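Engineer: Submitted below is the structure of interest, expressed as structure tokens.
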Amino acid sequence: MYSSDEIDDAIRKGISQRLSFGKGLYLRISPAGTATWTIKIKKQGRYFNYSAGHYPELSLKQAREIADAFSQQISLRIEKA
């Protein structure tokens, strides 16, 4: 788990990286300093990445809520198919 200070430090370094927050939630950091929340979902044997928003406009708590809701909707669609 990363604190907001650790996230800010990672962004300031300007290195392309991906920080994992569990349950398919990641923060992708670009060399330009842009940080984007992404959700990695496995659907029908394939992995898909979806953008949830940018940090710090979208907090970790908000990103987790979006990721949970998104994962639930995806699993309901798979079950219905």
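Values in this text are rule-based calculations from the coordinates and carry no lab data. Since the structure is predicted, the reported quantities are computational estimates derived from the model, not experimental observations. Glycine gets a Cβ as well: all are built from the backbone with ideal geometry, and neighbour counts include every protein chain shown.
Engineer: Just check segment 28-73 against the gyration tensor rule for me: Cα atoms, a ≥ b ≥ c as the square roots of the eigenvalues, rounded for a/c under 1.5, and otherwise prolate or oblate depending on whether a/b exceeds b/c.
Structural biologist: oblate
Engineer: Still on this structure: Under a 5 Å amide H to amide H cut-off, with H placed in plane at 1.01 Å, what residues pair with A52 once short-range neighbours are removed?
Structural biologist: W37, T38, I39
Engineer: In whole angstrom, and with the biggest value first, how far do the Cα coordinates of the chain range along each principal axis?
Structural biologist: For the chain, the Cα spread along each principal axis is 44, 22, 19 Å.
Engineer: Between N49 and M1, what FRET efficiency follows from the Cβ-Cβ distance if R0 is 22 Å, with the result rounded to 0.05?
Structural biologist: Efficiency computed from Cβ-Cβ geometry: 0.55.
Engineer: Shifting gears a bit: Could you please report the charge total around I66, scoring K, R as +1 and D, E as -1 over all other residues with beta-carbon less than 14 angstrom from its beta-carbon?
Structural biologist: +1
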